[in-house]
Amino acid sequence: TGRLGARNGVTRNLAAASRGGLPLNETTLAEVLRAAGYSTAAIGKWHLGHHGRYHPSFRGFDYYFGIPYSHDMGCTDTPGCNVPPCPACARRAAAPSHVRRGCYTDVALPLFENLTIVQQPVDLGGLAELYAERASWFIRRARRPFFLYVALAHMHVPLAAPCPGRPDRGAYRAALRAMDALVGSVRRAADGAGTGATLLWFTGDNGPWAQKCELAGDVGPFTGAWQRLRGGSSAKQTTWEGGHRVPALAYWPGRIPANRSSAAVLSTMDIFPTLVALAGAELPPNRRFDGLDVSAVLFGRSDKGHKTLLHPNSGAAGRDGEVEALRVAQYKVFYTTGGALACDGSVGPEEHHEPPLIFDLNHDFQEQEPLDVASREYQALLPAVRRAYAEALQDIATDNVSVADYSQDPAAIPCCSARHVACRCHA
């Protein structure tokens, strides 16, 4: 939607039994582009609601092929590589057992094609190949122009790679190679649609899931050292740089200069307004957006991104969706800190800061030592930080804000048949 969860209502993950999803009064990018004459498709994870009108087939997509939520939210016959190891689906009907050993096992993971479940449980080992096949199929047959959203299962755990014995980095490398091959096949299909005709925009959505240990990837230099000294992970689910900062690649032969990088501070929320502008469409009225049209950055004409960027809480410290950390120019500001579950089992304590912690990322991207509150730099910076934070919160409070329905009902769990043994549905 190009909007923070504080505006569009989705502030935490939806469950397999969720009745709701992304509020129906919110407008998706697919809806805007389809109205502008584009063929639209989504392949892969959706996780914005699957029950009734929340399904992607009713949210602007002409075609959908994928799983309705994260692929660790249901059992499979091939559970993949996980920490802790997860059991396969039971081979006979059993009473629902809820979560066992940190794994979702009650209902088999479904694979949808449009509104029909075509596999349940999904074969995780063959999922990447299926995604590549369906992406190429859509690109070849799409009415031009087209918009294709591919939300990969990589590099989320469980990894589909073989996992003999204790998990190690080999499984992660194998999964990464499989992702690279999948992205390459989509790129070749797009190139075949016409020379220079298609923009590809690739990005991750969060930092490594540290509690998965060797299967989690690495934060590189963005260690969140201040938090690490206090315990817990400073990666996924946190507002430290290792949790929110992700790489992005944009490819458009003849339009985007090759071999160029930018230090502009951008956001995945920029994708919505940028693609809407490139398509010559109009943003939906009566709401505000957190994303910007950053086409000038893509085309190499500017390195100007966000001066202020909000970092919502996302599962570690503070209430999910609330904004208690932000970026102001090169400064990172924390009103609340805390770690997520780490590989060693530790969780950093939630701490509230008034005045806030402020790090200068130009000189301390490891977030190791906050500015001294008594320093001249801190005192000169604090009024501007407070003003930016207050203005951002006021902008959200006075916006057209939606509220998601997080209620659950077992009847909302996707199931191909009440008699399907792996599904273990209630008749």
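General observations
- Flag not set for ALA235, criterion: open to solvent by 20 Å² or more (accessible area, probe 1.4 Å) and among the small types (Gly, Ala, Ser).
- SER346 satisfies every condition listed in (1) small (Gly, Ala, Ser); (2) under 22 Å from LEU309 (Cβ atoms); (3) open to solvent by 20 Å² or more (accessible area, probe 1.4 Å) except (2).
- Flag for ARG255 being in a loop (DSSP other than H, G, I, E, B), open to solvent by 40 Å² or more (accessible area, probe 1.4 Å) and basic (Lys, Arg): yes
- Selection status of ALA263, of a type in the set (A, V, I, L, M, F, W, C), touching a Gly at 6+ places or on another chain (Cβ under 9 Å) and over 27 Å from VAL186 (Cβ atoms): yes
- The stretch 352-374 - residue that is in contact (Cβ under 8 Å) with a residue 60 or more places away in the chain and of a type in the set (Asp, Glu) and, of those, surrounded by the fewest Cβ atoms within 10 Å (Cβ to Cβ): GLU369
- For ALA197, the conditions (1) out of contact with any Pro (no Cβ under 9 Å at 6 or more places or on another chain); (2) open to solvent by 40 Å² or more (accessible area, probe 1.4 Å); (3) among the aliphatic types (A, V, I, L, M) are fulfilled apart from (1).
- Taking the criterion of being free of Cβ contacts under 8 Å to residues at least 40 places away in the same chain and either under 27 Å from THR238 (Cα atoms) or of a type in the set (Ser, Thr, Tyr) (or both), the residues of the stretch 183-219 that qualify are GLY207, PRO208, ASP218, VAL219.
- Among the residues of the stretch 392-416, those identified as of a type outside the set (Val, Ile, Thr), touching a strand residue (DSSP E or B) at 6+ places or on another chain (Cβ under 8 Å) and closer than 22 Å to HIS306 by Cα are ALA392, LEU393.
- Here the helices (runs of 4 or more DSSP H) wholly within the stretch 136-250 that include at least 1 residues being closer than 30 Å to TYR335 by Cα are 225-228, 241-244.
- Any hit, the stretch 155-166, residues being under 29 Å from LEU200 (Cβ atoms), at pLDDT 90 or above and open to solvent by 30 Å² or more (accessible area, probe 1.4 Å): yes
- Test: residue in the stretch 109-125 that is in a helix (DSSP H, G or I) and either closer than 30 Å to SER18 by Cα or out of contact with any Asp or Glu (no Cβ under 6 Å at 6 or more places or on another chain) (or both): yes
- Residues satisfying the stated conditions in the stretch 175-208, i.e. farther than 17 Å from ILE139 by Cβ and either of a type in the set (Val, Ile, Thr) or touching a helix residue (DSSP H, G or I) at 6+ places or on another chain (Cβ under 8 Å) (or both): ALA178, MET179, THR203, ASP205, ASN206, GLY207, PRO208
- Looking only at the stretch 36-46, residues that are surrounded by 19 or more Cβ atoms within 10 Å (Cβ to Cβ) and either over 18 Å from the mean Cα position of the chain (by Cα) or among the aliphatic types (A, V, I, L, M) (or both) come to 6 in all.
- Filter result for ASP180 (open to solvent by 50 Å² or more (accessible area, probe 1.4 Å), farther than 30 Å from ARG144 by Cβ and either without any contact (Cβ under 8 Å) to a residue 40 or more places away in the chain or touching a strand residue (DSSP E or B) at 6+ places or on another chain (Cβ under 8 Å) (or both)): no
- Breaking point among (1) free of Cβ contacts under 8 Å to residues at least 60 places away in the same chain; (2) closer than 18 Å to LEU249 by Cβ, for ARG169: (2)
Yes/no per residue for (1) open to solvent by 10 Å² or more (accessible area, probe 1.4 Å); (2) of a type in the set (S, T, N, Q); (3) at pLDDT below 95; (4) touching a Pro at 6+ places or on another chain (Cβ under 9 Å):
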site: THR11; (1), (2), (3), (4): yes, yes, no, yes
site: ARG34; (1), (2), (3), (4): yes, no, no, no
site: ASP62; (1), (2), (3), (4): yes, no, no, no
site: ASP72; (1), (2), (3), (4): yes, no, yes, yes
site: PRO84; (1), (2), (3), (4): yes, no, yes, no
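- Annotation: THR268 fulfils all but one of (1) within 14 Å of the chain's Cα centre (by Cα); (2) modelled with pLDDT under 95; (3) open to solvent by 60 Å² or more (accessible area, probe 1.4 Å); the unmet one is (2).
- Residue in the stretch 224-232 that is surrounded by fewer than 16 Cβ atoms within 10 Å (Cβ to Cβ), out of contact with any helix residue (DSSP H, G or I) (no Cβ under 7 Å at 6 or more places or on another chain) and within 19 Å of HIS156 (Cβ to Cβ) present: no
- Number of residues in the stretch 293-317 that are out of contact with any Gly (no Cβ under 7 Å at 6 or more places or on another chain) and either farther than 29 Å from ILE256 by Cα or open to solvent by 40 Å² or more (accessible area, probe 1.4 Å) (or both): the value is 8.
The values are calculated or read from the model by the stated rules, or taken from the named source; none is laboratory data. Model, not experiment: these values are computed from the prediction. Positions of Cβ are generated from backbone atoms using ideal geometry, with glycine treated the same way; all protein chains shown enter the neighbour counts. The accessibility values were calculated without ligands, DNA or RNA, using every heavy atom of the protein model including side chains. Shrake-Rupley method; radii C 1.70, N 1.55, O 1.52, S 1.80 Å.
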